[in-house]
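The values are calculated or read from the model by the stated rules, or taken from the named source; none is laboratory data. Source: prediction; values computed, not measured. With ideal geometry, Cβ positions are generated from the backbone for all residues, glycine too; neighbour counts draw on all protein chains shown.
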Amino acid sequence: MSSGNKYIFFSDLDDTLLTTKKEVSPKTYEALKAFTDRGNIFVICTGRGLDSALKVQKKYGLEFPNSFIAAYNGCQIYDCDKKETIFKVGLELSTVKEIFTMADEYGVYVHTYSDEYILTSKDDEEIQDYRSKVSTPVLFCPDPTEHLDGPPCKVICIELHDHEKQERFRIDVNKKYGDILDTMYSSPYYLELIPKGFGKGTAVHELAKHLNIPIENTIAAGDAENDNSMLIEAGLGIAMLNAQESTLACADVVTQTDCDHDGLVPFLLRT
């Protein structure tokens, strides 16, 4: 049966649905509830891992009926009602191991994820900063790949002080592994590494197909480079007023106010 009269709203979390204080404002929450009460579908589409996204969903009461989470930049899609993963892709373990070795040579921090833990070999400023925003537990280990049961959805490089060093690392990663992975920034400090050809745009396409909803009935909102593919893929791509320049260029429309001033509310209320 067609679901052509329904809309799917794919929303990034940080600096999009969430304010800079990592909260959902009352006005945005009420608009989102009204959107889902009309039978529409809400999807958290984030670079965060599934564990972190589920905690945000629970903390702010975003557990609306028929909701989904597209975690790890769309590389894992989770049906919240059925509590099951319906789509997942990952990086080969050998590649992940090589990237960790390469990161050590560059002196940059990286980590990856199991179903339960952030996996890293370094306890430094970068992981402490990351953990101030994400409550997923950390497992420190010399070789993180030894604690993976299968290909992880992503690796993240964090550099708080020397962006030029991080960018050199990115360029070298692209040269060596550009045929099997993509790199993109989710913030000025977070460099995301995911399987080639996948991303948040994949989540838009796959979930619309799964739910039999026309792509023109999909809406996506974001603020950073890792959101660009979903803004391009969706029927309506919304960039936040506070978005990066590359994201603004990918959007169909830009919000009139930023993430701290309920920029998404007008779009939720009119759909």
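Name the residues in the stretch 7-40 that are in contact with a strand residue (DSSP E or B) (Cβ under 7 Å, 6 or more places away or on another chain) and either under 24 Å from residue 226 (Cα atoms) or modelled with pLDDT under 95 (or both), would you?
The answer is 7, 8, 9, 10, 11, 12, 13, 16, 17, 32.
Considering every residue within the stretch 131-143, establish whether at least one is assigned by TED's automatic domain parsing to the domain that holds residue 171, touching a residue at least 40 places away in the same chain (Cβ under 8 Å), more than 30 Å from residue 21 (Cβ to Cβ) and surrounded by 15 or more Cβ atoms within 10 Å (Cβ to Cβ).
no
Quick check: anything in the stretch 41-51 surrounded by 22 or more Cβ atoms within 10 Å (Cβ to Cβ) and either basic (Lys, Arg) or modelled with pLDDT under 95 (or both)?
So in the stretch 41-51, the residues surrounded by 22 or more Cβ atoms within 10 Å (Cβ to Cβ) come out as 41-50.
Keeping just the survivors that are either basic (Lys, Arg) or modelled with pLDDT under 95 (or both) gives 48.
The answer is yes; a qualifying residue exists.
Can you tell which of 56, 108 is assigned by TED's automatic domain parsing to the domain that holds residue 155 and surrounded by 13 or more Cβ atoms within 10 Å (Cβ to Cβ)? Before you say what the answer is, go through the steps one by one.
Working: 56 fails: assigned by TED's automatic domain parsing to the domain that holds residue 155.
Among 56, 108, only 108 is assigned by TED's automatic domain parsing to the domain that holds residue 155 and surrounded by 13 or more Cβ atoms within 10 Å (Cβ to Cβ).
Taking the stretch 144-168 as the search range and keeping residues that are touching a residue at least 60 places away in the same chain (Cβ under 8 Å) and among the charged types (D, E, K, R), which one is surrounded by the most Cβ atoms within 10 Å (Cβ to Cβ)?
Checked the stretch 144-168; the qualifying residue surrounded by the most Cβ atoms within 10 Å (Cβ to Cβ) is 154.
Return the residue satisfying two criteria in turn: it lies in the stretch 221-230 and is small (Gly, Ala, Ser) and within 16 Å of residue 48 (Cα to Cα), and of such residues it is surrounded by the most Cβ atoms within 10 Å (Cβ to Cβ).
The initial filter retains those residues of the stretch 221-230 that are small (Gly, Ala, Ser), namely 221-222, 224, 229.
Still in the running and within 16 Å of residue 48 (Cα to Cα): 221-222, 224.
Numbers: 221: 29, 222: 34, 224: 25.
That would be 222.
Name the single residue that is nearest to residue 42 (Cα to Cα) among those in the stretch 174-220 being among the polar types (S, T, N, Q) and surrounded by fewer than 22 Cβ atoms within 10 Å (Cβ to Cβ).
Top of the filtered list is 217.
Do we find that residue 171 is surrounded by 16 or more Cβ atoms within 10 Å (Cβ to Cβ) and either in contact with a Gly (Cβ under 8 Å, 6 or more places away or on another chain) or of a type in the set (A, V, I, L, M, F, W, C) (or both) in this structure?
Here the answer is no, as residue 171 does not meet what is asked.
Is there any pair with a first residue in the stretch 56-73 that is closer than 19 Å to residue 35 by Cα and a second that is of a type in the set (S, T, N, Q) and modelled with pLDDT of 95 or more whose Cβ atoms are under 6 Å apart and which are 6 or more apart or on different chains, and what are they?
63/57; 64/36
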